[in-house]
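Everything on this sheet refers to the single structure shown next.
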Amino acid sequence: MKRLYLFLLFALPGFSLLAQDFEKLTDSYLGINAYGFTQPAVDVFSGMVNTGLHSEINIPEKLYFKIDLIGSAAFMSENQKTFTAKTDESFAPYQEVQAPTIVGPNEPIAVTGNGGATYVFPGGLGLTYVPVATPQVTVGGIYGTELLLRFMAVDIKDKIGKVQFLGIGVRHDIGQYFTNGAVDLSFGYYYQNFKVASYLNNSNHYFELAVGKTFSILDLYAMIGYQASSMHVTYQNNDESNNVDFTLDAKSSLRGGIGIGLDFSLLHFFVEGHYANQLVATAGLGFKF
């Protein structure tokens with residue numbers, strides 16, 4: 001169980017891992033409490049992977065190849081830090097409290113029951129933001145279309161197991177049909193998957209409409225998109241009564257963002273701001289050939 005919560009906390013693309021005592025986070029967060037406790041994990045994942053998908057708004061007509069490093073930071077909103085937690089059936093009287101989520105305050109919440117019994121909901125990790133970084137490869141210039149690839153794989157063997165991240169996408173210049181170059185308009189679809197051994201699988205589908213304008217080396221653009229993200233968690237405990245098997249969907253489907261980029265022919269740089277269930281800031285630096 002310890003391995004599962006390690007990656008629910010920080011095994012997102014970029015692998016910004018922190019060393020913590022995760023045993024204390026698992027005892028009270030099985031069953032129905034697992035949903036509210038881990039909800040921010042799927043929201044953070046979908047929030048960050050759907051950023052930095054294009055370093056410039058226009059899709060040039062000639063063939064090009066890009067290599068980028070994309071860095072993002074998701075800032076936790078207040079409603080992501082607590083959830084309504086419930087005592088189990090063996091504790092009397094039954095109680096509901098506002099307890100920390102996986103990213104919530106460090107301080108545990110304790111309730112008192114019959115005979116002075118105490119039920120403790122452990123504190124979270126007290127996060128204000130989560131940073132990640134991913135490599136990205138883009139090939140474009142073919143009939144107003146570009147293709148994107150993100151990939152990372154690592155085997156942490158006994159501690160975690162095999163971790164894989166894959167992102168693929170396609171973006172097409174739809175403005176070429178009716179804007180006559182007044183603005184750059186594109187539509188894209190992206191699929192991204194994050195998998196940890198056999199016990200965590202997060203899939204994300206994202207559709208995005210982007211509009212902007214290029215002024216010499218300066219790019220100004222805005223995006224609006226629809227995302228469908230789900231995280232399936234399954235884990236077999238030695239105590240079969242505490243086995244975990246559930247699926248969570250991201251809370252927010254609609255998202256929007258703005259971006260600005262500088263293109264110096266070979267070198268390009270961009271920054272973006274996005275919002276769905278939380279604010280996400282993204283920056284990218286790369287080379288174009």
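The values are calculated or read from the model by the stated rules, or taken from the named source; none is laboratory data. Keep in mind that what you see is a predicted model, and the values were worked out from it rather than measured. Using ideal geometry, Cβ is built from the backbone for each residue, glycine included, and neighbour counts are taken over all protein chains shown.
Structure data summary
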read-out: Check on L127, part of a strand (DSSP E or B) and not aromatic (F, W, Y); value: no
read-out: Test: residue in region 35-43 that is under 30 Å from L185 (Cα atoms), buried (at least 21 other Cβ atoms within 10 Å of the Cβ) and modelled with pLDDT of 85 or more; value: yes
read-out: Selected residue [closer than 16 Å to V44 by Cα, surrounded by fewer than 19 Cβ atoms within 10 Å (Cβ to Cβ) and not small (G, A, S)] from Y94, Y129; value: Y129
read-out: Tally of residues being assigned to a strand (DSSP E or B), of a type outside the set (V, I, T) and either touching a Pro at 6+ places or on another chain (Cβ under 8 Å) or modelled with pLDDT of 90 or more (or both) across region 97-111; value: 3
read-out: Counted residues, region 175-234 - those being hydroxyl-bearing (S, T, Y), under 17 Å from P60 (Cα atoms) and surrounded by 15 or more Cβ atoms within 10 Å (Cβ to Cβ); value: 3
read-out: Region 194-206, residues that are part of a strand (DSSP E or B) and farther than 14 Å from A250 by Cβ; value: K195, V196, L200, N201
read-out: Cβ pairs under 7 Å, 6+ apart, first in region 57-68 and farther than 11 Å from I142 by Cα and in contact (Cβ under 8 Å) with a residue 12 or more places away in the chain, second surrounded by 20 or more Cβ atoms within 10 Å (Cβ to Cβ) and among the charged types (D, E, K, R); value: I57/D184; I57/D219; N58/D184
read-out: Residue within region 257-269 that is modelled with pLDDT of 85 or more, of a type in the set (A, V, I, L, M, F, W, C), surrounded by fewer than 17 Cβ atoms within 10 Å (Cβ to Cβ) and under 20 Å from V170 (Cα atoms) present; value: yes
read-out: Any hit, region 127-141, residues being modelled with pLDDT under 90, over 25 Å from the mean Cα position of the chain (by Cα) and closer than 20 Å to T82 by Cα; value: no
read-out: Residue list for region 55-79, filter: out of contact with any strand residue (DSSP E or B) (no Cβ under 6 Å at 6 or more places or on another chain) and crowded, with 16+ Cβ neighbours inside 10 Å; value: M76
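The rows are residues; the columns are (1) under 21 Å from the mean Cα position of the chain (by Cα); (2) at pLDDT 85 or above; (3) among the small types (G, A, S).
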site: Y189; (1), (2), (3): yes, yes, no
site: V196; (1), (2), (3): yes, no, no
site: I217; (1), (2), (3): no, yes, no
site: Q236; (1), (2), (3): no, no, no
site: S252; (1), (2), (3): yes, no, yes
